[in-house]
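Engineer: I have a structure here, written as structure tokens, and I will follow up with some questions on it.
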Amino acid sequence: MKAENEQALNFIKPHTGLAKMTRRELLKRSAAIGGSLIVGTGFIAGSSASWAMELKSLSPDTMATLVQMARDIYPHDSMGDEIYAAAVKGHDDKAAEDADFKAMLEAGVESLNAAAKQMGHASYLDTGWEAERTEILKSIESDTFFQTMRGGLVVGLYNQEAVWAALGYEGSSYEKGGYLNRGFDDIKWL
């Protein structure tokens, strides 16, 4: 069982040649941080240790800030951070290929952190109240950074089947004969 746990965590090993993190180390970091995201060298993971993501270009702190930003722009309490991390992962992939895009993301995160510091917080991630983070986001909503994130999240977040299930969307009905004869008016949440 121990070998399986260590093997399962190999995917979070950073490309820097550092030794792989064991399950015990991951859990210790999670308990020490106490937050919902664990940030390490070259990876980001959920504090429940049930998910992790290897990063190509962005720093773990930048990615953690983008995940929190995504959660604040499109808040769904029933969805875990892994859903938001998957939605933002495409930004890391694009940043690995496009230096200007990476610079725009990093400058945007710096602007979020600067606005948080003006409010008396250490960073955007350390801003505990959602209302304060929302106020910070409203102050930059006309910026290219914010519009890029918001636009990318529409597809990145809502094109995940796990999100569909959480929101009650059954997916495409074309393969099942369409909606007309298949309960097009059975929306229970309206």
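The values are calculated or read from the model by the stated rules, or taken from the named source; none is laboratory data. A quick note: this is a predicted structure, and the numbers were derived from the prediction, not measured. For neighbour counting, all protein chains shown are included, and Cβ atoms are generated from backbone atoms with ideal geometry for every residue, glycine included.
Engineer: Which numbered condition trips up ASP98, out of (1) surrounded by fewer than 19 Cβ atoms within 10 Å (Cβ to Cβ); (2) acidic (Asp, Glu); (3) in contact with a helix residue (DSSP H, G or I) (Cβ under 7 Å, 6 or more places away or on another chain)?
Structural biologist: Among (1) surrounded by fewer than 19 Cβ atoms within 10 Å (Cβ to Cβ); (2) acidic (Asp, Glu); (3) in contact with a helix residue (DSSP H, G or I) (Cβ under 7 Å, 6 or more places away or on another chain), ASP98 violates only (3).
Engineer: Can you tell me which residue is farthest from SER111 (Cα to Cα) among those in the range 159-174 that are in contact (Cβ under 8 Å) with a residue 12 or more places away in the chain and surrounded by 13 or more Cβ atoms within 10 Å (Cβ to Cβ)?
Structural biologist: Among them, the one singled out is ALA166.
Engineer: Right, next: Name the single residue that is modelled with the lowest pLDDT among those in the range 87-113 being more than 14 Å from SER59 (Cα to Cα) and in contact with a Phe, Trp or Tyr (Cβ under 9 Å, 6 or more places away or on another chain).
Structural biologist: Restricting to residues being more than 14 Å from SER59 (Cα to Cα) and in contact with a Phe, Trp or Tyr (Cβ under 9 Å, 6 or more places away or on another chain), the top hit is ALA87.
Engineer: Considering GLU97, GLU106, GLU82, which residue is acidic (Asp, Glu) and closer than 22 Å to GLN160 by Cβ?
Structural biologist: On inspection, the qualifying residue turns out to be GLU82.
Engineer: Same structure, new question: Keeping to the range 55-83, report how many residues are crowded, with 21+ Cβ neighbours inside 10 Å, of a type in the set (Lys, Arg) and either in contact with a strand residue (DSSP E or B) (Cβ under 6 Å, 6 or more places away or on another chain) or over 16 Å from LEU125 (Cα atoms) (or both).
Structural biologist: 0
Engineer: Suppose the filter is free of Cβ contacts under 8 Å to residues at least 12 places away in the same chain, part of a loop (DSSP other than H, G, I, E, B) and out of contact with any strand residue (DSSP E or B) (no Cβ under 8 Å at 6 or more places or on another chain); does GLY151 pass it?
Structural biologist: no
Engineer: What's the number of the condition PHE43 fails, among (1) at pLDDT 75 or above; (2) aromatic (Phe, Trp, Tyr); (3) touching a Leu at 6+ places or on another chain (Cβ under 9 Å)?
Structural biologist: Failing condition for PHE43: (1).
Engineer: Using the structure shown, decide if GLY120 is surrounded by fewer than 22 Cβ atoms within 10 Å (Cβ to Cβ) and either at negative phi or in contact (Cβ under 8 Å) with a residue 40 or more places away in the chain (or both).
Structural biologist: no
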